[in-house]
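Contents: one structure, followed by commentary.
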Amino acid sequence: MSELLISPSILSADFAELGVEIRRIDDAGADMIHVDVMDGHFVPNLTFGPPVIEKLRRHSDKPFDVHLMISPVDPYIEDFAKAGADILTVHPEAGPHLHRTLQAIRAAGMKPGVALNPGTPAEAVDPVIDDVDLILVMSVNPGFGGQSFIDSQLRKIEQLRQKIDATGRDIILEVDGGLNPETAPKAISAGVTAIVAGSAVFRGGPDHYAQNISALRAGATI
Ligand code: DX5
Ligand code: ZN
């Protein structure tokens, strides 16, 4: 089993100094940088796009784990590649052609990921599991940080763990939403190998980032 990856979501960072915040979480022990892109249409919130990511890229050498909550995706794939995204994760509902989108992401030189909303079943990955390097289980409905972990997603994580193991491929199983030192151990036991956390990493301010990340790792039994 791979080592647990912690991917802090910069949605909870101070947007007025995002570059500095990324350097802080990098220094504090982040394994990846989780970047939430929202369009105010696929989800009821707006963040930023490729030009901002391109400027942020120089602040860390860690992989940029970019979570797209936008529709459509395809017209922007090249822009995210040029901006420096390493992993590009999309929701099947962003449509219209998930398989084509995943192929285009790989062709652009990035690792393709697929994200499942709380109401989307594990089986949604079946037709594309051989085409993805990451599966993201949303444990809240996407759009906002600071929501509560939805326990029913643990069963889905277990199902996805079995599906991934059956492929024999090294697919990252990531969980996003409401992760903290109380909920992370449950997700880890269910089989995730990566944890996204926004409010649980950034709470308390910069002096706490390292201990907040360590507290999330403490629940790891893998
Ligand atoms: C929600 C985003 C998450 C969010 C998580 O739509 O995809 O990445 O930032 O925030 P917390 O960890 O505060 O639930
Ligand atoms: Zn996210």
Compute the distance from the alpha-carbon center of region 4-20 to that of region 161-222, in whole Å. 15
Is the shape of region 34-150 rounded, prolate or oblate, going by the alpha carbon gyration tensor and its root eigenvalues a ≥ b ≥ c, with a/c under 1.5 for rounded and a/b larger than b/c for prolate? oblate
Starting from the 7 Å offset along Cα-to-Cβ, what nm value, one decimal, do you get for the label separation of ASN141 and ASP27? 3.9
Carbon and sulfur atoms account, in whole percent of the 1.4 Å probe accessible area of region 77-222, for 48
Per DSSP H run of n ≥ 4, the term is -39500 (n - 2.57); total these for the chain, divide by its residue number, and report the mean residue ellipticity at 222 nm rounded to 500 deg cm²/dmol. -8500 deg cm²/dmol
Over region 5-221: Kirkwood hydrodynamic radius from C-alpha pairwise inverse distances, Å: 17.0
Compute the FRET efficiency between ARG169 and GLU54 as 1/(1 + (r/R0)^6), taking r as their Cβ-Cβ distance and R0 = 35 Å, and round to the nearest 0.05. 0.70
Give me the one-decimal nm value for the distance between modelled label points at ASP61 and GLN162, 7 Å along each residue's Cα-to-Cβ direction. 4.2
Please give, to one decimal in nm, the separation of the simple spin-label points placed at ARG203 and GLU182, each 7 Å out from Cα toward the Cβ. 0.9
Within 12 Å, Cβ to Cβ, of GLU54, how many net charges do the neighbouring residues add up to if Lys/Arg are +1 and Asp/Glu are -1? +3
How do the peptides 110-117, 13-20 rank, highest first, by the average count of neighbouring beta carbon atoms within 10 Å per residue? 110-117, 13-20
Student exercise, the chain dipole from Lys, Arg, Asp, Glu Cβ charges, in Debye to nearest 20: 120
Using unit Cβ charges (K, R positive; D, E negative) and no other charged atoms, how large, in debye to the nearest 20, is the dipole of region 101-222 about its Cα centre? 140
For SER214 and ASP131, what does the FRET efficiency come to when R0 = 25 Å and r is the distance between their Cβ atoms, rounded to the nearest 0.05? 0.15
Cβ-derived FRET efficiency at R0 22 Å, SER152 paired with ASP74, nearest 0.05: 0.10
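The values are calculated or read from the model by the stated rules, or taken from the named source; none is laboratory data. Quantities reported herein were computed from a predicted structural model and do not represent experimental measurements. Ideal geometry is used to build each Cβ from the backbone, glycine not excepted, and the neighbour counts take in all protein chains shown. SASA here: full protein model, heavy atoms, side chains in, ligands and nucleic acids out. Shrake-Rupley method; radii C 1.70, N 1.55, O 1.52, S 1.80 Å.
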